[in-house]
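The block underneath contains the structure these notes are about, expressed in structure tokens.
The values are calculated or read from the model by the stated rules, or taken from the named source; none is laboratory data. Since the structure is predicted, the reported quantities are computational estimates derived from the model, not experimental observations. Backbone-built Cβ (ideal geometry, glycine too); neighbour counts: all protein chains shown. Just so you know, the surface numbers come from the protein's heavy atoms only, side chains and all, with ligands and any DNA or RNA stripped out. Shrake-Rupley method; radii C 1.70, N 1.55, O 1.52, S 1.80 Å.
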Amino acid sequence: MSQPNPQSSSPLLDVRADFPVLDQDVNGKPLVYLDSAASAQQPRQVIDAVADYHLKDHANVHRGVHTLSQRATDAFEGARDRIVEFVNANSRKEIILTAGTTESINLVAQSFARPRLGKGDKILVTHLEHHSNMVPWQLVCEQTGAELVVAPIDDHGQLMLDELRELMTPDVLLLAVGHVSNALGTVNPVKDIVGWAKQQDITVLVDGAQGVPHMDIDVQDLGCDFYAFSGHKMYGPTGTGVLYGREELLEEMPPWQGGGDMILEVFVDRSVFNELPYKFEAGTPNIAGIVGLGAAVDYLRGIGPERVAAHEHYLLDYMTEQLTAIEGLKPIGTAEHKTSVLSFMLDDIHPHDIGTILDHEGVAIRTGHHCAMPVMQRFGLPGTARASLGVYNSTDDVDRLANALLTAKRLFA
Amino acid sequence: MSSGHVQSLSSDELRELYRSLILDHAKNPRHFGKLDTATHTSEGINPLCGDKLRLQLEVDAEHRIRDAAFEGTGCAISVASASLLTETIIGLHEDEALAWFDDVTSHLTGTSDANGRDLGKLQALGGVRDFPARVKCATLAWHALRSAIENTDEPVSTE
Ligand SMILES: Cc1ncc(COP(=O)(O)O)c(C=O)c1O
């Protein structure tokens, strides 16, 4: 684990060396990775944990008396224990291990919402959501005849809170809201939002895919009913994720998928379902991935969420300053509370062309709609260029980005 | 380095991709807009970036393309490709236009060298061959052309 920066006046972390993948040239130039909001890179600690598991401990979980199966189970369940602490859940029963945010949200849509919804009921989402916090609700509304209501955002890319509160009517079963917008970086005041929803008895799911990597998460303090996130946005492996759910709700919910692991007893005509959390974990899970997720939790906690946040805020301010100094660069999403993401347009150069030119300079950013087409539609844009920060980024990375953008301007001049 | 087989790009290749002819067509696309006399319309969608392009043709009774126009948003490559496409196909018989589709797309995807045809200005699109992620941008309008001629109603996607 890297030590705090010796120049303690700087909030910047110095952990780049933990991430082997960053040590390479792309198109002849040292890689600058500014696409962590799409998928963050993994530190050696995570890569080693996964490799060690494969090298020494692999077997199926929860089903063998032999030593390796026991070790695999311990490693897998050990990761769950770390996640319980990481988000401050009440118990292991509240942490369902999934393939990612998308699966977590679909689970809630199908197992919690679907049996409770009918004509006249509503699901409330916001205009800021990622497709994976939009489409599962569209599907369940189609399946049940319920109505999907979308809360508006303003020109800065912030939720319009008065309007949101007005939409919290008694016929709303559930509010699904992102903690942080992946397209714009807007941080939503989820604790306040949950408080208002609770006054109306509305169940709240928070899409925390972009929250967990950047701040301390305490699900009990937030007061939400469900909190979903992905391993690969928080320096862990792809294909791993978490659904936190309040035990009382999870107990009431029917299983979502059937199969091994989620049952206690199976007869040919019926089954007795397993207890929480296993009731929602059918089939052999991504054991190695979850072991890696546990290591990612250790890694992030080792640095400390306050230091991560301080590093990223400093860099975001620096990046915003450097980029807005470029003539013709227009930031998209200028919320008061933002984290780690800068979406922008440059002159009338299409984001896709910017992405190619930057890649040519060794700078990786995301371009396009960021799986948030409604956000793009709100701003009347086909897409944006988006630079997003992680613990390994530095002011040098930002300088390289700014220079590469000047190259793009020259090419299109 | 693990990615040793992926060739790294030089500035020449970037200049090859964004040749002045391409940038000229991207900034001042020809035949851009709606075609009131259209007989055929087709939409191309690039799901990677969400770009949409609408191609319209006016085809006469002898299957000759009398006029063409396109509209939509796109990157420099897709707009330039659509613009060059309209210049190429106006005046051609549908079958000739389809032959261009074959030759241009095989040139862009690198499967053959345009079946020996001299592509003229369209040669300029060949820069995408060094940028695999961008080939679909260059072929989008051409797929829309084929579907317009074959009159399939479904929007075509580059996927
Ligand atoms: C805000 C947000 N929600 C949901 C997702 C979906 O995550 P995953 O693809 O890991 O399921 C993402 C990531 O793309 C995201 O940024």
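Condition check for A:Val204 on (1) more than 16 Å from the ligand (Cβ to nearest atom); (2) surrounded by fewer than 24 Cβ atoms within 10 Å (Cβ to Cβ): one failure, at (1). Among residues that are closer than 22 Å to A:Gly178 by Cβ and open to solvent by 10 Å² or more (accessible area, probe 1.4 Å), A:Asp225 is not included. Would you point out the residue of the range B:56-80, among those that are β-branched (Val, Ile, Thr) and within 14 Å of B:Gly33 (Cα to Cα), that is nearest to the other protein chains (Cβ to nearest Cβ)? Of everything passing the filter in the range B:56-80, B:Thr73 is nearest to the other protein chains (Cβ to nearest Cβ).
Which of the residues spanning the range A:111-132 are polar (S, T, N, Q), open to solvent by less than 10 Å² (accessible area, probe 1.4 Å) and within 13 Å of the ligand (Cβ to nearest atom)? The answer is A:Thr126, and nothing else.
Answer yes or no: is there a residue in the range A:365-372 that is within 16 Å of the ligand (Cβ to nearest atom), over 20 Å from B:Ala133 (Cβ atoms), of a type in the set (A, V, I, L, M, F, W, C) and surrounded by fewer than 24 Cβ atoms within 10 Å (Cβ to Cβ).
No; the residues of the range A:365-372 include none that is within 16 Å of the ligand (Cβ to nearest atom), over 20 Å from B:Ala133 (Cβ atoms), of a type in the set (A, V, I, L, M, F, W, C) and surrounded by fewer than 24 Cβ atoms within 10 Å (Cβ to Cβ).
In the set (1) open to solvent by 10 Å² or more (accessible area, probe 1.4 Å); (2) over 18 Å from B:Glu87 (Cα atoms); (3) within 17 Å of the chain's Cα centre (by Cα), the condition left unmet by B:Asp12 is number (3). Could you go through the range A:69-80 and let me know if any residue there is touching a residue at least 60 places away in the same chain (Cβ under 8 Å) and open to solvent by 60 Å² or more (accessible area, probe 1.4 Å). Scanning the range A:69-80 turns up no residue that is touching a residue at least 60 places away in the same chain (Cβ under 8 Å) and open to solvent by 60 Å² or more (accessible area, probe 1.4 Å). Output yes when any residue across the range A:134-154 is more than 30 Å from A:Leu315 (Cβ to Cβ), within 16 Å of the ligand (Cβ to nearest atom) and free of Cβ contacts under 8 Å to residues at least 24 places away in the same chain, and no when none is. Checked against the condition, which is being more than 30 Å from A:Leu315 (Cβ to Cβ), within 16 Å of the ligand (Cβ to nearest atom) and free of Cβ contacts under 8 Å to residues at least 24 places away in the same chain, the range A:134-154 yields at least one hit. For the range A:251-274, indicate whether the set of residues that are in a loop (DSSP other than H, G, I, E, B), touching a Leu at 6+ places or on another chain (Cβ under 7 Å), within 16 Å of the ligand (Cβ to nearest atom) and in contact (Cβ under 8 Å) with a residue 24 or more places away in the chain is non-empty. Among the residues of the range A:251-274, at least one is in a loop (DSSP other than H, G, I, E, B), touching a Leu at 6+ places or on another chain (Cβ under 7 Å), within 16 Å of the ligand (Cβ to nearest atom) and in contact (Cβ under 8 Å) with a residue 24 or more places away in the chain, which makes the answer yes. In summary, B:Leu53 fulfils each of the numbered conditions (1) away from chain A (no Cβ under 14 Å); (2) closer than 30 Å to A:Arg410 by Cβ; (3) of a type outside the set (Val, Ile, Thr) with the single exception of condition (1). Just one of the numbered conditions (1) at pLDDT 95 or above; (2) crowded, with 18+ Cβ neighbours inside 10 Å; (3) farther than 24 Å from A:Asp218 by Cβ is not true of A:Val61: (1).
May I ask you to verify whether A:Thr98 is touching a helix residue (DSSP H, G or I) at 6+ places or on another chain (Cβ under 9 Å), within 16 Å of the ligand (Cβ to nearest atom), away from chain B (no Cβ under 14 Å) and under 20 Å from A:Leu276 (Cβ atoms)? Answer is yes for this residue. In the range A:248-267, the qualifying residues are those that are acidic (Asp, Glu) and open to solvent by 60 Å² or more (accessible area, probe 1.4 Å), and the one that is farthest from A:Arg82 (Cα to Cα) is A:Glu265. Scan the range A:375-389 for residues that are outside any loop (DSSP other than H, G, I, E, B) and either of a type in the set (Gly, Ala, Ser) or open to solvent by 10 Å² or more (accessible area, probe 1.4 Å) (or both) and the total you get is 5.
Among the residues examined, A:Leu161 qualifies as open to solvent by 30 Å² or more (accessible area, probe 1.4 Å) and either within 16 Å of the ligand (Cβ to nearest atom) or away from chain B (no Cβ under 14 Å) (or both).
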